[in-house]
Amino acid sequence: MLELIDKVSLAFGHVTRLFFLGMFFIVTAVVAASSYVLLVLAPFEYSYGQDDLAFADLIALALLTLASWRYFHRGRQSQTPLWPLLKRFTFTLTFVTLLLLSALGVFASMALVEPTLATEQLSGGGDDLLLYSIFCIFIVAIYGATPLPALSGTNLASHKPSAVQKTDDNESDRFEAEPPTLSPSTDRKS
C-alpha cells in the first residue's frame, strides 16, 4: 500500500512539475513577445504610418532590429540549437520587462505617497527620452545576451569558432571552443 502511495505521489509530482514548467515557458513567451511587439509599436503614437515616425524612432527601430538579427546570426554561427537560443532570447526580454515594471512600480508608489511629485516632476516633456532609454535598455540586453564563442578560441578574421590545438603529440593539452549553452556540461576535456 505504501508503494502505491509513493508511486501516485511521484506521478503527481511529475505531472505538476511539467504543468508548472509548461506554464512558465508559456508565460515567459507571452511576456517576451508582447514586450517586443509593444516596443516596436511604441514609436507609432497616433497612426501606423510613416509620417508619425521621427528620425530618432527610425534609428531606434533599426538598432533593435540589428541587435535581434545579430543575436540569432551569432547563435547560428556558434551552432547553438534553436530551442536554447529562443529560450535565452525570451528570458532576456522577460527579465528586462520585469525590471522595467519594477521601476514603474517604485515610481507609482512614490507618486502614491507624494502626489505632487507625479504632477510636477515625473510628468511632461520626458516621454521621448523615456522611450529611447527603454529602447537602449532592450538593445543592450539583447546585445549582451548574444551567444558568442570564447575569445581564446576565435579567429577574428572569419568570426567563426575554431579549435585550438597546442601540439599533435600532446593530446591532453587539446581543447576546442564550445558553443554556449544554458546548461553547461562538466565533461570538458582538459
Any residue at all in region 49-59 that is farther than 20 Å from Y143 by Cβ, outside any helix (DSSP H, G or I), hydrophobic (A, V, I, L, M, F, W, C) and touching a Leu at 6+ places or on another chain (Cβ under 9 Å)?
yes
Confirm whether F95 is surrounded by fewer than 18 Cβ atoms within 10 Å (Cβ to Cβ) and under 11 Å from the mean Cα position of the chain (by Cα).
yes
In region 13-42, residue surrounded by the most Cβ atoms within 10 Å (Cβ to Cβ) [restricted to those that are of a type in the set (S, T, N, Q) and under 16 Å from the mean Cα position of the chain (by Cα)]:
S35
One residue is enough: does region 64-85 have a residue meeting the conditions touching a strand residue (DSSP E or B) at 6+ places or on another chain (Cβ under 8 Å) and either loosely packed, with under 12 Cβ neighbours inside 10 Å or part of a helix (DSSP H, G or I) (or both)?
yes
Kindly indicate whether S9 is surrounded by 14 or more Cβ atoms within 10 Å (Cβ to Cβ) and at pLDDT below 95.
no
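The values are calculated or read from the model by the stated rules, or taken from the named source; none is laboratory data. Everything numeric in this text was worked out from a predicted model, so none of it was measured. Ideal geometry is used to build each Cβ from the backbone, glycine not excepted, and the neighbour counts take in all protein chains shown.
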